[in-house]
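Report on the following structure.
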Amino acid sequence: MKRLMSFLQCVLDDLGTWCHTSTDRDLKTVAARFEHEGWSFLTITLTNFGRDLEKGLDQGFVSDDLFAGFKRRGGLPEFAQGFLRNVFDPKTGRLLDEPSVTCVWALRQLTLMWGKINLPCSDARERKAINGFVECEKDLRESDRAQDPVLFDRFLRIGTLLWGDVLCEVDRKVHDNEITSRHGPGQTADRLVGNDKWRQKEWTWRLEPVFPHGEHLVSSWRLFSESLPDVQFLEPGAERPSRVVSVPKTLKSPRIIALEPACMQYVQQGLLAAFREAIDSRDTESSLIGWSSQMPNQHLAWQGSLFGDLATLDLSEASDRVSNQHVRGLLRQNSLLAEGVESCRSRKADVPDHGVVRLAKFASMGSALCFPFESMVFSTIVFVGIELALKRRLTRRDVLSFVGRVRVYGDDIIVPVNVVHSVLRTLDAFGLRVNLNKSFWTGKFRESCGKEFYDGVDVSVVRVRRLFPVNRTDVQELESTVSTRNQLYKAGLWKSARFLDGVIERLIPFPHVAETSPLLGRHSFLGYETQRNCPKLHRPLVRGAVSRGVTPVSKLEDYGALLKCFVTSSDLPVVDSKHLERSGRRVDVGINLRYGTPY
């Protein structure tokens, strides 16, 4: 706790210097409440303070329901009042005509930096999240039954208008057997890891008509005839369900995902590649939904904060609220693709404490097709809302006119402010929940895809992702602390960066290096240092640390090895010469000290 409070003091000193205000009382408040409330104060209570700040910025005043749990003095909380009074009027709580953007950033940095630290949730919070997954299924079934047929007809027509060409292209690839299945890096419901995935012995009768085992599990029909007896074909009722698990997100609540069976994930990855290629090759479609880059969404969020013409919306439980009926509606005119997508969709999920549950949702996070279909469904619903706002039938020319003003990246949605209320009502009518605490369209604050802006100024914060390392064997903590230190340095919190310098220097050499250096080092606007020259290559060297990782042993032979060599995402050969001997997620096991290039 002593080291943590020392670091917080440095952060407060830096922020106070930036904003020309004293932070002594704020430090006392943080120390006292952390002692009594523990990590929940930093990760939950302070985070709620930061979210309330954003809500106050959006609505233009501090209402009585904001900053709960903090004593008030006048119209503002006593905590952080040195910063708040430069943003809101201290008596009335109303937003100043010219609030200090620096103080907005400082308040967000102080309150939100601990919100996503990697700490385990309590068992009670994890059970609550699992129960929420099951309750979401019940809500989704009720929403399907209550769906307005007229509104759903609009959804079908606009879905064809937006995605008809893309779906036809992927449908053609399925028909011509051009889908190349492949395995992803994640875990599976049947607990296959590394190269074991290429020796899978399960296939389903639902997959067989569209994705025959002989075309996808082996590299030739000769091997197909030899290996067929080893494959177990599962009837629909005997299929392996997806496995629901929780992964760390915040201390308030974990993230709930579902691990797919290997055979399902295998085909899903092939379809994902086909969808990505079809959308990326089309200018209009690729401008409406995001795939590989969050920067377009971030740029539009900046534009919305500066000009006030664009709104940023965020959905709660986004993946779990995409109904399978929505996806079937989009695919209704592409029968073969519809059959293929349905064949690799898990119909059931094994939920802790609830057993096997039949799913109304299309897919949870963990399915390779979750992201593309939720993006297409959300964007279609958005344009249904736009059509209702325009009060006339939407045309292709209308869609083109919204390019650069409408964009969807997962559950981050950007729409014009003048149609936002119609879009909100439409999203709700399709059973989706808009997180109003993280959606903005009134003031000058906007947030999308990890970037936040106020009045055109980037007010994104540096987040502490892991606890500080205690010794050199804490590899992940050490790497995270180095990253945090360098981000703090770039943000101008130099006293905080120097404090972390001391934490890191006790464990490893910590030279000045460029951002491209393989060494764990400190970044500086002044450049990198040189300690010696390489006698052979005549280049500068410094002594530093690199993480030592091990790829698990996973040997692959026979038809599985041949198939893996053929199934690649490019025409180039596999770079790793030992990929048939070792495979899987790299495990950090220690730190090596050596000389390396500082650039």
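Residue by residue through the range 365-397, note down the ones that are buried (at least 23 other Cβ atoms within 10 Å of the Cβ), not hydrophobic (A, V, I, L, M, F, W, C) and not in a helix (DSSP H, G or I). Once the filter is applied, which keeps residues that are buried (at least 23 other Cβ atoms within 10 Å of the Cβ), not hydrophobic (A, V, I, L, M, F, W, C) and not in a helix (DSSP H, G or I), the range 365-397 yields 366, 367. Could you check the range 96-128 and list, in sequence order, the residues that are among the basic types (Lys, Arg) and surrounded by fewer than 21 Cβ atoms within 10 Å (Cβ to Cβ)? Those that are among the basic types (Lys, Arg) and surrounded by fewer than 21 Cβ atoms within 10 Å (Cβ to Cβ): 116, 125, 127, 128.
Each row is one residue, and each column tells you yes or no for (1) at pLDDT below 95; (2) under 30 Å from residue 123 (Cα atoms).
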residue: 319; (1), (2): yes, yes
residue: 323; (1), (2): no, yes
residue: 327; (1), (2): no, no
residue: 332; (1), (2): no, no
residue: 343; (1), (2): no, no
residue: 349; (1), (2): no, yes
residue: 353; (1), (2): yes, yes
residue: 356; (1), (2): no, yes
residue: 360; (1), (2): no, yes
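Going through the range 60-69 one residue at a time, which ones are under 19 Å from residue 112 (Cβ atoms) and surrounded by fewer than 19 Cβ atoms within 10 Å (Cβ to Cβ)? 68, 69, listed by residue number.
In the set 139, 153, 171, only one residue is exposed (fewer than 15 other Cβ atoms within 10 Å of the Cβ) and either under 30 Å from residue 49 (Cα atoms) or not aliphatic (A, V, I, L, M) (or both); that residue is 153. So is residue 108 in contact with a helix residue (DSSP H, G or I) (Cβ under 6 Å, 6 or more places away or on another chain) and either more than 26 Å from residue 253 (Cβ to Cβ) or among the charged types (D, E, K, R) (or both) or not? Yes; evaluated as a whole, the condition is true for this residue. Confirm whether residue 506 is surrounded by fewer than 19 Cβ atoms within 10 Å (Cβ to Cβ) and within 21 Å of residue 11 (Cα to Cα). In short, yes.
The helices (runs of 4 or more DSSP H) located wholly in the range 408-518 that include 2 or more residues which are over 30 Å from residue 587 (Cβ atoms) occupy 420-429, 494-505. Residues of the range 5-25 that are part of a helix (DSSP H, G or I), surrounded by 17 or more Cβ atoms within 10 Å (Cβ to Cβ) and without any contact (Cβ under 8 Å) to a residue 60 or more places away in the chain: 8, 9. Entry remark, the range 266-289: residues being within 23 Å of residue 345 (Cβ to Cβ) and either touching a Ser or Thr at 6+ places or on another chain (Cβ under 9 Å) or not small (Gly, Ala, Ser) (or both) number 15 in total. The number of residues in the range 541-561 that are surrounded by 14 or more Cβ atoms within 10 Å (Cβ to Cβ), over 28 Å from residue 589 (Cα atoms) and not small (Gly, Ala, Ser) comes to 1.
For the range 354-392, a residue qualifies if it is hydroxyl-bearing (Ser, Thr, Tyr) and more than 26 Å from residue 131 (Cα to Cα), and the qualifying residues are 379, 380.
Residue 589 meets each of the listed conditions (1) surrounded by 12 or more Cβ atoms within 10 Å (Cβ to Cβ); (2) in contact with a helix residue (DSSP H, G or I) (Cβ under 8 Å, 6 or more places away or on another chain); (3) in a strand (DSSP E or B) apart from (1). Answer with yes or no whether residue 47 is of a type in the set (Ser, Thr, Tyr), closer than 19 Å to residue 450 by Cβ, crowded, with 16+ Cβ neighbours inside 10 Å and touching a residue at least 24 places away in the same chain (Cβ under 8 Å). Considered against the rule, which asks whether it is of a type in the set (Ser, Thr, Tyr), closer than 19 Å to residue 450 by Cβ, crowded, with 16+ Cβ neighbours inside 10 Å and touching a residue at least 24 places away in the same chain (Cβ under 8 Å), residue 47 comes out as yes.
So, residue 161, is that one over 23 Å from residue 578 (Cα atoms), surrounded by fewer than 21 Cβ atoms within 10 Å (Cβ to Cβ) and among the aliphatic types (A, V, I, L, M) or not? For residue 161, the condition - over 23 Å from residue 578 (Cα atoms), surrounded by fewer than 21 Cβ atoms within 10 Å (Cβ to Cβ) and among the aliphatic types (A, V, I, L, M) - is met.
Please verify whether the range 473-496 includes one or more residues that are among the β-branched types (Val, Ile, Thr), under 27 Å from the mean Cα position of the chain (by Cα), modelled with pLDDT of 95 or more and surrounded by fewer than 17 Cβ atoms within 10 Å (Cβ to Cβ). No, every residue in the range 473-496 fails to be among the β-branched types (Val, Ile, Thr), under 27 Å from the mean Cα position of the chain (by Cα), modelled with pLDDT of 95 or more and surrounded by fewer than 17 Cβ atoms within 10 Å (Cβ to Cβ). Could you check, for the range 245-265, whether at least one of its residues is without any contact (Cβ under 8 Å) to a residue 60 or more places away in the chain and crowded, with 21+ Cβ neighbours inside 10 Å? No, the range 245-265 contains no residue that is without any contact (Cβ under 8 Å) to a residue 60 or more places away in the chain and crowded, with 21+ Cβ neighbours inside 10 Å.
Any residue at all in the range 177-197 that is within 30 Å of residue 392 (Cα to Cα), among the polar types (S, T, N, Q) and within 29 Å of the chain's Cα centre (by Cα)? No, that holds for no residue. Hey, does the range 79-88 have a residue that's of a type in the set (Val, Ile, Thr) and either in a loop (DSSP other than H, G, I, E, B) or without any contact (Cβ under 8 Å) to a residue 12 or more places away in the chain (or both)? Scanning the range 79-88 turns up at least one residue that is of a type in the set (Val, Ile, Thr) and either in a loop (DSSP other than H, G, I, E, B) or without any contact (Cβ under 8 Å) to a residue 12 or more places away in the chain (or both).
The values are calculated or read from the model by the stated rules, or taken from the named source; none is laboratory data. Everything numeric here is computed off the predicted structure, so don't read it as measured data. Virtual Cβ from ideal backbone geometry, glycine too; neighbours counted across all protein chains shown.
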